[in-house]
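Derivation of every value follows stated rules applied to the coordinates shown; laboratory data play no part. It should be emphasised that the depicted structure is a prediction, and the values quoted were computed from it without experimental measurement. Neighbour counts are summed over all protein chains in view; Cβ atoms, including those assigned to glycine, are modelled from backbone coordinates with ideal geometry.
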Amino acid sequence: MSKVFGVSLENQKLNSENVPVIIVKLISRLKELDAQNIEGIFRIPGNHMQIELLKKEIDEDENYDFSIYNDVYVIASLLKQFFRELPESILTDSLFEEWNKAG
């Protein structure tokens, strides 16, 4: 068992394109649920208890089957929480100048 939430990107299980598997699974589930056609999926929060339960289950079993969850708001909230709980920012300080140039 390896924890997923609160773990640095360097220590995540990655797919062949070096993307954390959890991100791929959550986005794939959102696509399966046709979430791109649902308004406010990243603005409207999912049920807190369901999010915490799913988070715990994922941390206990990295091969968790997402197909049993059909609430796009829970899945989207979980994706946001994954990024929020990363120990370091994705937009790192060492690349601050590069981010400013890009923006």
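Using R0 = 25 Å, the C-beta based FRET efficiency linking Asn47 and Val19 works out to 0.40. In the elastic network of the chain, a GNM with C-alpha springs shorter than 10 Å, the most mobile of Asp71, Asp61, Asp93 is Asp93. Once the Cα atoms are used to define both axes, helix 48-60 deviates from the longest principal axis of the chain by about 70 degrees.
The angle between the Cα long axis of helix 21-32 and the main principal axis of the chain comes to about 50°, on a 0 to 90 degree scale.
Among the trypsin sites (Lys or Arg not before Pro) in segment 1-102, those placed in a DSSP loop whose Cβ has at most 10 other Cβ atoms within 10 Å are Arg43. Between Lys56 and Asn70, the distance separating the two model label sites (each 7 Å from Cα on the Cα→Cβ line) works out to 2.4 nm.
Across every pair of non-identical alpha carbons in the chain, the mean reciprocal distance, once inverted, gives a Kirkwood radius of 14.7 Å.
Can you tell me the relative contact order of the chain? Whole percent, Cα pairs under 8 Å, sequence separation 6 or more. Let's see the in-between values first.
Values: 91 pairs, mean separation 41.1, N = 103.
RCO, the chain: 40 percent.
Of all lysines in the structure, those lying under 25 Å Cα to Cα from Lys56, and not within fewer than 8 positions of it along the same chain, are Lys3, Lys13, Lys25, Lys31, Lys80.
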